[in-house]
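The values are calculated or read from the model by the stated rules, or taken from the named source; none is laboratory data. Keep in mind that this is a model prediction, so the values were computed, not measured. Here the Cβ positions follow ideal geometry from the backbone for every residue, glycine too, while neighbour counts run over all protein chains shown. Only protein heavy atoms, including side chains, enter the accessible area calculation; ligands, DNA and RNA are left aside. Shrake-Rupley method; radii C 1.70, N 1.55, O 1.52, S 1.80 Å.
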Amino acid sequence: MPNRDGKSTFMELALEQARAAAARGEVPIGAVIVDGDGAILASAGNRTEELRDPTAHAEMLAIRQACAERGAPRLPDCALYVTLEPCPMCATAIAFARLARLYYAAADAKGGGVEHGPRIFHQPTCHHRPELYPGIAEGTATKLLRDFFAARR
């Protein structure tokens, strides 16, 4: 159920993208980018296997899509909703895109780049740090990932 500001609705859309990725045999990660007025600019799920592209993470695809929609390389009034803590590559792209806010569901102690691993936004060379909102729908996203990997073992 969405809360008053709609944030859970946007994360639910990201979770739908993650479920669609899982159905395609991709790691179930989904992302949604929303502008300052609450309009959805982009949504994507992982497509690394399908596209045979190691950069085809949900966040990267959504950033590319939103930038194309806007006709601009930066998204300073936008928020990214993603079902897993972004990896270092995606965190760097988030900084380069100047996204204002990052909402993510599950933490990624092994491969994360935001609050784990290299902590990209805390590096002195990082020129933009979005506001962080971790843990939204964490249980749902974690279960989706666990179920996906358990089915492959």
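In order along the stretch 120-136, phi translates into HN-Hα couplings of 3, 6, 9, 7, x, 7, 7, 8, 9, 10, x, 5, 10, 9, x, x, 6 Hz, rounded to whole numbers, per the Karplus curve 6.51 cos²θ - 1.76 cosθ + 1.60 with θ = phi - 60° and x for Gly and Pro.
Full extension of the chain between LYS110 and PHE96 yields a length gain of 2.7 nm, computed as 0.36 nm times the residue separation minus the alpha carbon distance.
When only the Cβ of Lys, Arg, Asp and Glu is charged (+1, +1, -1, -1), the dipole of the stretch 1-80 relative to its Cα centre reaches about 80 debye. For the chain, which whole-number percentage of the solvent-accessible area (1.4 Å probe, protein heavy atoms only) is attributable to carbon and sulfur atoms? After summing per-atom areas, the C and S share lands at 53 percent.
Across all C-alpha atoms in the chain, the radius of gyration and Dmax reach 14.2, 43 Å. Per residue, the accessible area of the stretch 58-104 comes to 34 Å² when a 1.4 Å probe rolls over the protein heavy atoms.
Note on surface exposure: THR55, THR83 rank THR55, THR83 by accessible area, highest first, 1.4 Å probe.
Inter-label distance, ARG146 to LEU51: 3.0 nm, where each label sits 7 Å from its Cα along the C-beta direction.
For the stretch 83-153, report the % of Cα-Cα distances exceeding 15 Å.
53
When the Gaussian network model of the chain links Cα atoms closer than 10 Å, the mean-square fluctuations of LEU13, LEU84, LEU51 top out at LEU51. For the stretch 2-153, a crude dipole built from +1 on the beta carbon of Lys and Arg and -1 on the beta carbon of Asp and Glu, taken about the Cα centre, is about 280 debye to the nearest 20.
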